[in-house]
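Report on the structure given below.
Computed from the coordinates by the stated procedures, all read-outs in this text should not be read as laboratory data. Treat the numbers as computed from the prediction; the structure is a model and nothing was measured. Positions of Cβ are generated from backbone atoms using ideal geometry, with glycine treated the same way; all protein chains shown enter the neighbour counts.
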C-alpha cells in the first residue's frame, strides 16, 4: 500500500466508538502544528459518516479516507 499523505502522527483507534474518539482527537490535534497530518486507523463503521462533520466543526481538513478490509484510514490536516 502506497500512501499519498505522509502523516506526522498515527493514531490507531481500533474499535473505539466515535463519542470516545472525539475527546482523544481534540486533545491530540491540539498537540499538532498547523499543517501537520494525522492518520487515524479505525474499525468503527460509524466513523465514516461522523468524522467529516467533526473535521468541519473543528476547522480541520479531512484529506482522504481509504478502506482496506475492516479498517479505514483517515488523513486529517490540522488547520
(request) Considering only 67, 12, 31, give the residue with the highest GNM mean-square fluctuation for the chain, with springs between Cα atoms whenever their separation is below 10 Å. (result) 31
(request) Can you tell me which of 58-64, 70-76 comes out highest on packing, and rank the rest after it, using the mean Cβ neighbours within 10 Å? (result) 70-76, 58-64
(request) Rank 27, 53, 42 by mean-square fluctuation in a GNM of the chain with C-alpha springs under 10 angstrom and give only the top-ranked residue. (result) 27
(request) Any chance you could check the Cα centroid distance between the range 6-22 and the range 32-79 for me, in angstrom? (result) 8 Å
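First measure r as the distance between the Cβ atoms of residue 26 and residue 4, then evaluate 1/(1 + (r/R0)^6) with R0 = 30 Å and state the FRET efficiency to the nearest 0.05.
Details: r = 25 Å, r/R0 = 0.85.
Efficiency, from the Cβ-Cβ distance: 0.75.
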